[in-house]
Amino acid sequence: MKESAGGRGRRVVGEGAMVVSNRVSPDLDEEIIDGLLDEGVVGLVDYGIGPSLDSDLLDKSNGPGRGSLNSLKKFSRVGGYLVAHKDGLERVAVGRARPGSLRFEKVEMSDGSEKVLKCVQLDAYGEIGSDEFDEVRRIASREGLSRHTFADLDREEEIEEVVAAVTKLERDGRLTYR
């Protein structure tokens, strides 16, 4: 992937950057999901292993979870573009993150328990409307049906659609910058 000039004249992603789809954790309270999405925080995975990204701590039978953690770890290290969504596609956001975007977020659940979420802080992000970017919404819809929480996109057309959506929102002045 070529380097791309981001908002405010900064280089954002370079060779080796990823393009991923993220289904925001379905077992979090709506208010938590919405609050974090409002801040451009995505990749909300827990898996009960606290502030660790060690996929070896997960049961060997949890292949999707192990893959999701490994993808999150790589994305936070190399940066890239992302489409994030909640189940039901009430909110679909696109954005990009620089390398080093990992964040751990401690949240209290409605039952009083705590989780340590593994997250990525997007540097630039925005929501897409229900009547635009149909291909990006299809990508989100397909991913939302799987149990994967954070997954690489590997089809060139999908990658181009996500990058184009972020670029269009930027040109339209619809991205929020952190």
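Before moving on, here are some points about what is shown:
- Exactly one residue out of SER61, SER21 is at pLDDT 85 or above and either open to solvent by less than 70 Å² (accessible area, probe 1.4 Å) or within 14 Å of the chain's Cα centre (by Cα) (or both): that is SER21.
- Number of the condition not met by PHE150 [criteria: (1) open to solvent by less than 10 Å² (accessible area, probe 1.4 Å); (2) modelled with pLDDT of 90 or more]: (2)
- Subset tally (residues that are open to solvent by 20 Å² or more (accessible area, probe 1.4 Å) and in a strand (DSSP E or B)) for segment 112-134: 5
Table: residues versus (1) in a helix (DSSP H, G or I); (2) crowded, with 16+ Cβ neighbours inside 10 Å; (3) under 14 Å from the mean Cα position of the chain (by Cα).
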{"residue": "GLY65", "(1), (2), (3)": "yes, yes, no"}
{"residue": "ASN70", "(1), (2), (3)": "yes, no, yes"}
{"residue": "ALA84", "(1), (2), (3)": "no, yes, yes"}
{"residue": "ARG96", "(1), (2), (3)": "no, yes, yes"}
{"residue": "LYS106", "(1), (2), (3)": "no, no, no"}
{"residue": "SER110", "(1), (2), (3)": "no, no, no"}
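- Any hit, segment 27-39, residues being at pLDDT below 85 and in contact with a Phe, Trp or Tyr (Cβ under 9 Å, 6 or more places away or on another chain): no
- Residue count for segment 85-119, restricted to those that are closer than 21 Å to ILE139 by Cβ, at pLDDT 90 or above and out of contact with any Lys or Arg (no Cβ under 7 Å at 6 or more places or on another chain): 6
- Pairs where the first residue, in segment 24-43, is within 18 Å of SER71 (Cβ to Cβ) and the second is in a helix (DSSP H, G or I) and open to solvent by 30 Å² or more (accessible area, probe 1.4 Å), C-beta under 8 Å, 6+ apart: VAL24/ASP87; PRO26/ASP87
- Check on ARG137, of a type outside the set (A, V, I, L, M), in contact (Cβ under 8 Å) with a residue 40 or more places away in the chain, out of contact with any Gly (no Cβ under 9 Å at 6 or more places or on another chain) and open to solvent by 20 Å² or more (accessible area, probe 1.4 Å): yes
The values are calculated or read from the model by the stated rules, or taken from the named source; none is laboratory data. Every value quoted in this text rests on a predicted model; they were computed, and no experiment measured them. We place every Cβ from the backbone using ideal geometry, glycine too, and count neighbours over all the protein chains shown. Keep in mind that these areas ignore ligands, DNA and RNA; they rest on the heavy atoms of the full protein, side chains included. Shrake-Rupley method; radii C 1.70, N 1.55, O 1.52, S 1.80 Å.
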